[in-house]
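Before any comments, here is the structure.
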Amino acid sequence: MSIRSLFRRIAPLFLISAVATTDLAAQSVGEITGRVTTVANAPVVGAFISIDDAAPGTQTDAEGNFRIGGVAIGSHVLHVRRSGFVESADSVVVAADAPSQINITLADKVATLAGVTVIGSKTDLDETRAQLAKIPGAVAMVEAPEIRATRQANLKDVLQFVPGVYIQPRFGAADESQISIRGSGLRDNFHARGVNLLVNGMPYRNADGFTDFESLEMLTTEAVEVYKGGNALRYGGSTMGGAINLDTKTGYSSSPVSLFGEGGSFGFYKTQLESGGTRGPADYYASYGRTSLDGYRQWSAQRRDRVNLHGGYRLSDNTDARAFYFFAHVKEELPGALDRVTFESNPRAADPDNVTNRWGRDYDLHHLGLQLRTQLSPSQRLEISPYMQYRDIDHPIFQVISQISHDYGAEVRYENTGDLGALNNRFTLGFQPAYESLLNHQYVNNAGEHGAPTKNQHDHATNVALYAEDVVSLTSQLSAVIGVRADRATRETKDFFLSDGDQSDRRTYNPVSPKVGFIYSLRSGAAQIFGNASRSYEPPLLLELNSLTTPGYIPLEGQSAWQYEIGARGRQIGLSWDLSAYDIELRNEILNINVQPFPGAPFTVPTYRNSPKTRHAGIEAGLSYQLPGALLVRGDVADHLSFRASYTLARYTFVEDPNFTGNDIPGAPRQVLSTEIKYTHPSGFSLAPTLEWIPQSYFLDSQNMVTNDGWTNLSLRAEWATAYGMTLFAAGQNLADRRFSQSVQVDNAAGQYYEPADGRSFYAGLRWTP
């Protein structure tokens with residue numbers, strides 16, 4: 001699918017969306033006009049205006065004037081924000097017969113963070129939301145109410161309704177998952193690659209890009225931001241998939257005490273005790289949680305103990321400091337993938353070799369991050385964020401992997417929102433160094449115990465990145481974005497186990513990744529149209545470079561990609577929607593080959609190769625709508641019905657390849673649809689059926705000979721927010737008890753491709769915040 005044909009297909013959808021928005025806006029709506037000035041009656045240019053704190057909004061023009069059309073009749077709150085001024089929130093009543101006029105005066109902000117930009121406060125989250133609305137590409141933000149309305153066991157629970165993000169747990173309610181954004185990481189048969197995972201804006205990964213999921217706690221997460229592809233210049237410049245950032249709770253977003261307990265099928269339970277609050281200039285948050293799972297399949301038990309601590313202190317009127325720490329103790333059994341015959345006859349089975357040799361993954365992780373934010377002037381801000389991460393892992397698989405890793409890194413970020421002449425402008429400059437030291441040992445697997453040594457290496461990864469981005473408002477409706485990121489990445493191995501040859505080697509990569517884009521806001525403020533072109537470059541991981549048979553690294557190049565994207569999004573009168581189309585042209589995409597190390601081996605080991613030219617293209621659409629009207633009213637609260645849906649259409653193909661030209665790249669379905677209808681009663685009771693539908697089979701091998709069947713997964717969740725701060729909930733998943741493989745292994749030489757989903761399962765629990 002070429003970008004020309006893709007855009008030809010998507011253009012009518014944009015037209016339909018625009019017409020539908022216009023028709024909807026004409027029903028019982030009005031408009032707001034006004035002017036924003038300083039206390040000296042000078043116009044405030046580029047002030048961000050929003051209705052009821054909903055994005056997208058609009059911005060004031062060169063005279064400080066603004067107009068927002070299509071506003072629902074009734075009372076609203078008009079929020080006005082501009083760097084260097086105190087935020088304004090004014091009530092306004094909208095009528096249908098004439099525009100509502102309001103003039104607003106903004107007071108100068110004397111470089112203060114109090115209640116405005118303190119890290120982790122509500123205003124900080126508001127700033128993030130406003131900044132996302134200014135990104136000229138597909139981004140998403142999943143906030144606390146949506147997170148709490150899920151099982152909160154893994155990222156799939158939280159991100160299921162973000163189009164273009166494909167996450168499927170490998171072992172039911174466990175957090176280890178197959179993850180891909182726009183086809184990233186399809187080479188990934190374990191853990192995560194091709195997507196940067198971050199916590200509070202700091203990398204949760206090794207410096208070479210390797211990461212997993214087991215330390216991430218959804219119960220302590222206040223919001224999740226998703227930056228797809230090149231839209232993550234700051235967070236994901238070295239990955240095609242972009243970035244996922246988890247913002248954790250602080251004392252500003254938590255209660256003095258809260259309890260959570262949940263249990264269900266296959267021995268699943270999840271408990272948490274948390275506390276948070278503020279006292280003067282200080283705030284704190286602390287949480288301990290435990291998750292345990294016996295598992296649907298044989299040899300798939302999981303256990304997580306997690307501690308999260310977060311503290312902040314406002315050092316002065318213009319400086320805020322913060323520290324956060326999380327610890328995870330992880331123990332898990334790995335049942336392995338199944339061949340087709342076993343999957344169909346006994347999906348609860350494990351690979352016998354995994355049981356005999358006690359395949360698993362046990363580790364302790366400590367992560368510490370510091371943040372310092374200071375307002376240098378009303379238009380200048382500096383943030384300094386160092387972090388460190390320590391992991392000690394014992395990982396019996398085909399051999400026992402024993403590793404100790406130390407990761408250190410930082411970000412220094414400068415932002416200037418001063419005007420560029422008469423134009424509103426935001427300039428960002430950042431510097432990101434990162435270093436990893438990995439003591440890498442392997443041993444013969446003797447029923448899960450260490451046998452004779454087979455590897456003794458000291459690996460190093462170093463990354464140094466410099467990025468800059470400028471967003472200039474050419475008019476009150478049109479903004480242009482230009483950015484660039486330069487990286488220097490090194491990978492080095494020193495081998496001290498020489499009986500099988502010297503694996504010592506060193507590689508250096510020096511990519512430069514530019515980005516350009518635009519964003520256009522309609523005069524009504526109801527919708528935005530955006531487009532961008534960006535480059536990404538992904539150096540290989542250390543484990544991808546290591547050779548199984550020859551000295552030194554394998555001849556593996558870095559993966560480069562150009563992404564072209566166009567889209568639109570809007571929000572008005574209970575309707576929120578987004579639509580985007582993308583084409584990614586890749587060179588040297590890194591793909592997995594799972595090979596048997598010797599003939600008849602009961603297991604496979606990974607190695608990697610470059611495919612000269614591949615293409616990822618697709619369409620993503622998201623929709624949510626709260627239906628107007630009510631049948632039941634209790635006081636000021638009425639019942640309502642809401643609907644949301646997420647749809648992804650994508651195809652990933654070999655364009656030029658020595659063996660597979662024209663074939664699909666295996667590992668992900670072409671179409672994914674998720675829908676939910678939710679009824680909420682004035683009493684606090686809600687009921688929400690959810691449907692996940694993969695309508696067709698997809699390939700699991702590069703030859704396109706082996707397929708995974710599509711599936712339908714029906715779920716149901718009920719909640720009741722009772723008095724005294726207690727919420728009760730119950731849920732059922734895979735209610736039809738279908739057999740399907742929601743996650744897969746690709747190009748597996750042993751023919752073991754399938755990782756069965758859980759059968760019919762039920763969960764129930766409570767959340768109590770007195």
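Working from Cα pairs under 8 Å separated by at least six residues, relative contact order for the chain is 10 percent.
Its alpha carbons give segment 176-222 an Rg and a Dmax of 10.9, 31 Å.
Rank by packing, highest mean first: peptides 200-213, 550-563, 159-172, with packing defined as the count of other Cβ atoms within 10 Å averaged across residues.
Going by the mean number of other Cβ atoms within 10 Å, highest first, we get 159-172, 200-213, 550-563.
The order of the peptides 689-697, 569-577 by mean Cβ neighbours within 10 Å, most packed first, is 569-577, 689-697. Kirkwood radius, segment 674-719, all distinct C-alpha pairs, inverse of mean reciprocal distance: 12.9 Å. Couplings 3J(HN,Hα) of segment 640-652, computed from phi: 7, 10, 10, 9, 9, 8, 9, 9, 10, 10, 8, 9, 10 Hz, in residue order, whole Hz [Karplus 6.51 cos²θ - 1.76 cosθ + 1.60, θ = phi - 60°; x for Gly and Pro].
Once you reduce segment 305-323 and segment 433-455 to the center of their Cα atoms, the two points are 36 Å from each other. Amide H to amide H, which residues 5 or more places from K134 or on other chains are under 5 Å from it, using H placed in the peptide plane? The answer is none. Which angle from 0 to 90°, rounded to the nearest 10, does the C-alpha axis of helix 3-25 make with the longest principal axis of the chain? Taking the Cα atoms of the chain, the angle to 3-25 is about 40 degrees. Each residue of segment 740-753 was assigned a 3J(HN,Hα) from its phi angle through the Karplus expression (A = 6.51, B = -1.76, C = 1.60, θ = phi - 60°), giving 7, 10, 7, 10, 9, 9, 10, 6, 8, 5, 8, x, 9, 9 Hz with x at Gly and Pro.
Counting charges near D487 (Lys, Arg +1; Asp, Glu -1) among other residues having Cβ under 13 Å from its Cβ returns a value of +3. Computed from the alpha carbon atoms alone, the convex hull of segment 335-475 holds 178 Å³ per residue.
Given the alternatives [x] 27.2; [y] 28.0; [z] 33.5, Kirkwood radius over Cα pairs in Å as computed for this entry is given by [x].
What shape does segment 220-281 take by its C-alpha gyration tensor, where a ≥ b ≥ c are the square roots of the eigenvalues and a/c under 1.5 counts as rounded, a/b above b/c as prolate, and the rest as oblate? Cα axes put segment 220-281 in the oblate bin.
With only alpha-carbon pairs counted, each pair once and no self-pairs, how large is the Kirkwood hydrodynamic radius of segment 576-730 in angstroms?
On the way: mean 1/r = 0.0513 Å⁻¹.
Result for segment 576-730 stands at 19.5 Å.
Determine the share of the chain's accessible area contributed by carbon and sulfur atoms, expressed in whole percent, with a 1.4 angstrom probe. C and S fraction of accessible area: 59 percent. Taking only the alpha carbons of segment 261-365, we obtain Rg and Dmax values of 20.5, 67 Å in that order. Here is the size of segment 674-770 from its Cα atoms: Rg then Dmax, 18.5, 59 Å.
Accessible surface calculations at 1.4 Å, restricted to protein heavy atoms, place the chain at 38 Å² per residue.
Report, in deg cm²/dmol and to the nearest 500, the calculated mean residue ellipticity at 222 nm for the chain, where each DSSP H run with n ≥ 4 adds -39500 (n - 2.57) and the sum is divided by the residue count.
Working: 8 runs with 63 residues, N = 770.
It lands at -2000 deg cm²/dmol.
Treating the angle as unsigned and between 0 and 90°, give the value, to the nearest 10°, between the Cα long axis of helix 122-132 and the longest Cα principal axis of the chain. Between helix and principal axis, roughly 80 degrees. Rg over Rh for segment 571-624 works out to 1.34, both radii taken from alpha-carbon positions and Rh defined as the Kirkwood radius.
Arranged from highest to lowest average of other beta-carbon atoms within 10 Å per residue, in what order do the peptides 222-229, 324-331 appear? Could the numbers behind the result be given before it?
Numbers: 222-229: 23.9, 324-331: 19.6.
By packing density, highest mean first, the sequence is 222-229, 324-331.
If the chain between E344 and L259 were fully stretched, how many nm would it gain, using 0.36 nm times the residue separation less the Cα-Cα distance? If you can, show how the numbers build up before the last one.
Details: separation 85, 0.36 × 85 = 30.60 nm, distance 4.08 nm.
Result: 26.5 nm gained on full extension.
Once you've got the Cα coordinates, tell me which of K156/K331; K156/K455; K270/K455; K613/K678; K228/K613; K228/K270 are over 32 Å apart.
K156/K455; K270/K455; K613/K678
In a shell of Cβ-Cβ distance under 14 Å around Y698, excluding Y698 itself, what net charge do Lys and Arg (+1) and Asp and Glu (-1) give? My count for the surroundings of Y698 gives -2.
The values are calculated or read from the model by the stated rules, or taken from the named source; none is laboratory data. All figures in this text were calculated on a predicted structure; none of them were measured in a lab. Positions of Cβ are generated from backbone atoms using ideal geometry, with glycine treated the same way; all protein chains shown enter the neighbour counts. Accessible surface is based on the protein model in full, side chains and every heavy atom, while ligands, DNA and RNA are left aside. Shrake-Rupley method; radii C 1.70, N 1.55, O 1.52, S 1.80 Å.
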